Amino acid sequence: MKRRFFIICLLVIAFAFNAEAQVEKLQAFFIYNFTKYIEWPPDYQSGNFEILVLGNSTIDSYLKEIALSKKVGNQSIEIKKISSAGEISKCHILFISKEKSGELQNVISKIGSNSTLIITEKDGLASMGAAINFVIISDKQKFELNKRNVTKYGLKINNQLDGLAIIVN
């Protein structure tokens, strides 16, 4: 009986980890596709296309998989994982994992006027400074878009993204 309970617990834990991995894989796919709807200033259109991941999320491994076979325009994609806002350098996209969401204001200060698309995954952060925020609604991955926060950093947004997003202010 104890053995059966232990096996069931292991299966539940394995399923939970698999579900989280699927969410991160889907978010990585979304992040890559956002690059098709956002335009960065000319000085960001040469060199590597840099995506920073702040926190312990394993999304960076899925982004690295995408980077092996995809480009943003003619730019190769480079993924870097960082552990604090102090490590932020000039980048195109900054993904803030849920456990680091408390650093959003530090991130905004560190980015300054750089043209960085800030993406988060905790409720309410699109209205607190993030441009895009991942949310789960009715067991489906969705995203909130704050157009003001996109344009604030000198980025241009394709209106087609509006139809795919939940617009917030």
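I'd like the full set of residues that are buried (at least 17 other Cβ atoms within 10 Å of the Cβ) and assigned to a loop (DSSP other than H, G, I, E, B), limited to region 96-115. Outline the logic, then answer.
First pass over region 96-115, keeping only residues buried (at least 17 other Cβ atoms within 10 Å of the Cβ): 96-97, 100-101, 103-104, 107-108, 110-111, 115.
Answer for region 96-115, where residues must be buried (at least 17 other Cβ atoms within 10 Å of the Cβ) and assigned to a loop (DSSP other than H, G, I, E, B): 97, 115.
Filter region 60-86 down to residues that are out of contact with any strand residue (DSSP E or B) (no Cβ under 6 Å at 6 or more places or on another chain) and of a type in the set (A, V, I, L, M, F, W, C), then give me how many there are. Can you show your working first?
Filtering region 60-86 for residues out of contact with any strand residue (DSSP E or B) (no Cβ under 6 Å at 6 or more places or on another chain) gives 61-62, 65-66, 68-71, 73-74, 76, 83-86.
Within this subset, residues satisfying the condition of being of a type in the set (A, V, I, L, M, F, W, C) are 66, 68, 85.
Count: 3.
Which condition breaks for residue 68 when tested against (1) in contact (Cβ under 8 Å) with a residue 12 or more places away in the chain; (2) out of contact with any Gly (no Cβ under 9 Å at 6 or more places or on another chain)?
Only one criterion is unmet by residue 68, namely (1).
Would you check which residues across region 96-115 are polar (S, T, N, Q) and either more than 10 Å from the chain's Cα centre (by Cα) or over 21 Å from residue 29 (Cβ atoms) (or both) and list them? Spell out how you get there, then give the answer.
We begin by selecting, within region 96-115, every residue polar (S, T, N, Q); these are 97, 101, 105-106, 109, 113-115.
Selection gives 101, 105, 106, 109, 113, 114, 115.
If you check 93, 118, which single one turns out to be surrounded by 15 or more Cβ atoms within 10 Å (Cβ to Cβ), closer than 23 Å to residue 66 by Cα, without any contact (Cβ under 8 Å) to a residue 40 or more places away in the chain and under 15 Å from the mean Cα position of the chain (by Cα)?
On inspection, the qualifying residue turns out to be 118.
Is it true that some residue in region 33-54 is charged (D, E, K, R), more than 24 Å from residue 154 (Cβ to Cβ) and touching a residue at least 12 places away in the same chain (Cβ under 8 Å)?
Just the residues of region 33-54 that are charged (D, E, K, R), to begin with: 36, 39, 43, 50.
Cutting the leftovers down to more than 24 Å from residue 154 (Cβ to Cβ) gives us none.
No, region 33-54 contains no residue that is charged (D, E, K, R), more than 24 Å from residue 154 (Cβ to Cβ) and touching a residue at least 12 places away in the same chain (Cβ under 8 Å).
Restricting the first residue to region 149-169 and requiring it to be free of Cβ contacts under 8 Å to residues at least 40 places away in the same chain, which pairs with a second residue that is among the acidic types (Asp, Glu) and not in a helix (DSSP H, G or I) meet a Cβ separation below 7 Å and a spacing of at least six or different chains?
From region 149-169, the pairs are 165/144; 166/144.
All of the numbers you see were taken from the coordinates with simple rules; none came from a lab. Fair warning: this is a prediction, and the values are worked out from it, not measured in the lab. Heads up, the Cβs are rebuilt from the backbone with ideal geometry, glycines too, and the neighbour counts pull from every protein chain shown.
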